[in-house]
Structure formats: C-alpha cells, structure tokens
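**Student:** Following this message is one structure expressed as structure tokens.
The values are calculated or read from the model by the stated rules, or taken from the named source; none is laboratory data. Everything numeric in this text was worked out from a predicted model, so none of it was measured. Here the Cβ positions follow ideal geometry from the backbone for every residue, glycine too, while neighbour counts run over all protein chains shown.
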Amino acid sequence: MAVIALKCPSIEVAVVDISVSRIAAWNGDQLPIYEPGLDEVVKQCRGNNLFFSTDIEKHVFEADIIFVSVNTPTKTRGLGAGKAADLTYWESAARMIADVSKSNKIVEKSTVPVKTAEAIEKILTHNSRGIKYQILSNPEFLAEGTAIQDLFNPDRVLIGGRETPEGQKAIQALKDVYAQWVPEDRIISTNLWSAELSKLAANAFLAQRISSVNAMSALCEATGADVSQVSHAVGKDTRIGPKFLQASVGFGGSCFQKDILNLVYICECNGLPEVANYWKQVIKINDYQKNRFVNRLVSSMFNTVSGKKIAILGFAFKKDTGDTRETPAIDVCKGLLVHLQPMSPSAVKKVSVVWDAYEATKDAHGICILTEWDEFKTLDYQRIFDNMQKPAFVFDGRNVVNVDKLREIGFIVYSIGKPLDPWLQDMPAVA
Ligand code: UDX
C-alpha cells in the first residue's frame, strides 16, 4: 500500500487495522516491521496520500477499492485442521464490508486459497442491499527483505476477475493503478480461480526447488560432492535458471508451508490423492532437512548436547528481515532441547538471547548458523575459536562460512551439502 501511495500520488491510500498499538506504530518513528527501504517510502507519503487509521468503517465506507489483507493461518482444529486455511478473519472482514458499504465497490483479496473469492462474493451479494461488488484476486509475489525492490520492479502483476463486462471493468480499474509504474506487458489478467491457484502454485514451485536442492545436499554429503558446485552446474541450464537453488537447513517463512498445505488440502478435497502426496513430499523433505541438521550436530558432539553451550547465530527465516514466523531455527532449537538429558519443562530457561555474536559464542562448544546474515561471513573466527571450548564445532546451515579457512583455524566444520570433515565421517548421523 505504501508503494502504491508513492507511485500514484493522485490516489489516497488508507491502511486500517483493529490493533490500536499497531496503527500507532505505523504512525510513529519506529515502524512495527523491519523491511529495507520501507521507512523512506512510508515517511515520504505519510500524511500526504498515505494514512494509517483504526477507523475501519469510515475508510471502508469511503473507498472505491478495498484490499483485504487479513491473515489466513492454517486451521489448528476442526475440519481441515493442519491443512486448510482458517478464514475466520476473512469472513468477518467481508461481513463488515457488507454492513458499512453504501456505494459500489471493487474488493480485492490478497493471498488466500482457491475458492475463497467465491465465498466472499456470496457473503457480499447476499448482504448487498442493492450495492454492486466486484471481487478481484491480486496476489502479490514480493519476498520479505526485498519487498520494496520487488514491488518497484515486479516480474509480473497478476489480476484475476470475473469474465463478465463488469468483472473486466474492475480488472481494468486495478490495472490502471499498477500501470502507473509497471510496464503493461507485465500486468497479467486471468479468471478469478486461475489467479488464486497461480499464487499457490508459484510458492509450491519455489519451495519444491529448495526441497530438491536440499535432497541433493544429503546425497552430496553421503558421496563427497559439493552441493554449491552441483547447484551452479545445474542452474547454468537456462531452462532451470540459477535462482532458488541455495541449499539450506530448510525453508521457512509465513507462506511456503501454509500454501503447500492448502494446495494439498484442495487436491484431497478434489479426489486427487496422488497430486496431494506429490506436494506433501516437499514439506516432508523440508522437515527431514531440519531433523538431519540436528542429528548431525548431536552425533558430532559425542551424541550428547547435555551440559554444552550451543551458540545459534541468526533466528529470522532469512536475512534482512526481522520475521521469525515458521523459521527453521525454531525447529532446530526445539530439536536441540529435546536432546537435553533429562528433558525438563525448564529446558527453555536454558536459552538466553544476546546481541553480539562474540558474546554468544564465548565458551560455547558449538556454533549453529541458521540465518545467512552478511555479518556472519566477516566475523573474526580466529577470535571466536580462541574463546570457545575445544574441540570447537561450526554447523553452517546456510553455507555462509569459508569452510577451508575455518578448518585451518582448527574448527570442525559441517556445512550443508559440502564434503564432510573427516571427524564427521567417523560419526555417522543417527537416523
Ligand atoms: C515467498 C515467495 O518468494 C514470495 O514470492 C511470496 O510472495 C511469499 O513467499 P518469502 O517467504 O518472503 O517469499 O521469502 P523467500 O525469499 O521466498 O524465502 C523463503 C525461505 O526459503 C527462506 O527460509 C529462505 O531462506 C529459503 N530459501 C530460499 C532457501 O533455503 N534456499 C533458496 O535458494 C531460497
């Protein structure tokens, strides 16, 4: 919304939320999320054509186009638990729009699973009192950490709508917004369902690439190949391309797992168990990769982490974001806590958080790198080594360290998908 305000000075953008503290933060000096470049955009537009408010009904009443961006977490109970999206917030947003609207509106929805546009259309038209609504699906493809650049220069903008004259008119209205800065050939329009499914499919394809390279990383370790070399060689094929082939401790973030689970649920509901199982496997490999990392760590350290200090460098699900939702670091840390003997409810008290990598690693037995922050590439590893217990271990879940250099210093190094340290070969990871 901030980027729309920046690129379209003639459009007034009001961002509304029920959370008073959140809106206060958006109106304050310290924005509630960290995203490179966002500060400048918000500060440039705020008060001119970008406003943050808790007066939801007033702004919905006044709006021509409404972007509904409430969250749709995976259901934790009831029908479809663990897979389907929880649409509680969505439904109440739709009912509120129906209650307060007095003029025709275009309602646009961000990422929600296939067929919710239809549900929302039903709620709105059954409560319309003569008002006409058009529902569009305009999923965004921005990634955290690069959101502003992704929005300034998107590969494509996708707008789905009804194939009726009114639907096409609504699509055009939203196209006109994006066309103020996006070349027209990158603005794609489709029917409503194709747009929704494309979002799920794009995220599933991206996650599948990571699971594919991570599956290869296990084979590389077992056979002495180097996954970075394999990725490079594979990615040079222009049909495959070089992006998203970085082996890791696993993918995280608020989208990939949730969207694949949705896809799986939709396949199952449509009687396609083989297709559902195919996509499920992407998540299974991701879980396997996180487990494998923990097992490797524990087995290398004489099969026990009890009484040891492990420094975790990085907790966000990727660099350049403060977001820790579904981060693989959560599962790795939980996995390590399980290995503490005896496992007690007080295990979590054994976790402390510090700002500084040197402080975190002081007197540690091992280091786990779980986010690829640039600063971890240039740390003074000699200084870190000197202050650690020996033997000193580094488990690099993001392939950021220079393995040879660290081995020269004296570390025992495990780096995802790289040929194993002789030490690790003698300590096969337990299944
Ligand atoms: C993703 C999609 O990229 C974006 O298009 C969509 O709109 C939202 O979901 P995001 O979750 O912000 O974006 O981050 P992304 O860069 O896709 O990374 C997701 C996870 O995959 C991270 O944990 C990242 O570390 C991991 N990853 C990514 C890898 O492990 N290897 C790679 O090569 C790329």
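**Student:** Find the residue count for the stretch 183-200, including only residues that are over 9 Å from ILE159 (Cα atoms), surrounded by fewer than 19 Cβ atoms within 10 Å (Cβ to Cβ) and free of Cβ contacts under 8 Å to residues at least 60 places away in the same chain.
**Tutor:** Number satisfying all stated conditions: 5.
**Student:** Here's a follow-up. If I filter the stretch 91-117 down to residues being closer than 24 Å to SER254 by Cα and of a type in the set (Asp, Glu), which single residue comes out as modelled with the lowest pLDDT? Lay out the reasoning, then the answer.
**Tutor:** Filtering the stretch 91-117 down to residues closer than 24 Å to SER254 by Cα leaves 91-94, 107-117.
Checking the rest, the ones that are also of a type in the set (Asp, Glu) come to 91, 108.
Details: GLU91: 85, GLU108: 76.
Once the filter is applied, the top-ranked residue is GLU108.
**Student:** Please go through (1) crowded, with 19+ Cβ neighbours inside 10 Å; (2) without any contact (Cβ under 8 Å) to a residue 60 or more places away in the chain; (3) outside any loop (DSSP other than H, G, I, E, B) for VAL332 and return the number of the only condition it doesn't satisfy.
**Tutor:** The one condition VAL332 does not meet is (2).
**Student:** Shifting gears a bit: Return the residue satisfying two criteria in turn: it lies in the stretch 405-431 and is at pLDDT 95 or above, touching a strand residue (DSSP E or B) at 6+ places or on another chain (Cβ under 9 Å) and not in a strand (DSSP E or B), and of such residues it is farthest from ALA311 (Cα to Cα).
**Tutor:** The extreme case among them is LYS418.
**Student:** Could you give me the residue pairs with C-beta distances under 6 Å whose first residue belongs to the stretch 137-154 and is hydrophobic (A, V, I, L, M, F, W, C), whose second residue is within 7 Å of the ligand (Cβ to nearest atom) and assigned to a loop (DSSP other than H, G, I, E, B) wherever it lies, and which are 6+ apart or on separate chains?
**Tutor:** Hits for this filter: LEU151/LEU142.
**Student:** To continue, here is another question. Can you list the helices (runs of 4 or more DSSP H) found entirely within the stretch 1-75 that contain at least 1 residues being in contact with a Ser or Thr (Cβ under 9 Å, 6 or more places away or on another chain) and buried (at least 16 other Cβ atoms within 10 Å of the Cβ)? Before you say what the answer is, go through the steps one by one.
**Tutor:** Working: elements: 2-7, 20-27, 38-45, 56-62.
It comes to 20-27, 56-62.
**Student:** Please find, within the stretch 130-146, the residue that is farthest from LEU38 (Cα to Cα) out of those that are surrounded by 15 or more Cβ atoms within 10 Å (Cβ to Cβ) and away from the ligand (no atom under 16 Å from the Cβ).
**Tutor:** If we take residues in the stretch 130-146 being surrounded by 15 or more Cβ atoms within 10 Å (Cβ to Cβ) and away from the ligand (no atom under 16 Å from the Cβ), then ILE131 is farthest from LEU38 (Cα to Cα).
**Student:** From the list ALA207, ALA218, ALA276, ALA201, pick out the single residue that is among the hydrophobic types (A, V, I, L, M, F, W, C) and in contact with an Asp or Glu (Cβ under 6 Å, 6 or more places away or on another chain). Quick ask: steps written out before the conclusion?
**Tutor:** Numbers: ALA207 fails: in contact with an Asp or Glu (Cβ under 6 Å, 6 or more places away or on another chain); ALA218 fails: in contact with an Asp or Glu (Cβ under 6 Å, 6 or more places away or on another chain); ALA201 fails: in contact with an Asp or Glu (Cβ under 6 Å, 6 or more places away or on another chain).
Among ALA207, ALA218, ALA276, ALA201, only ALA276 is among the hydrophobic types (A, V, I, L, M, F, W, C) and in contact with an Asp or Glu (Cβ under 6 Å, 6 or more places away or on another chain).
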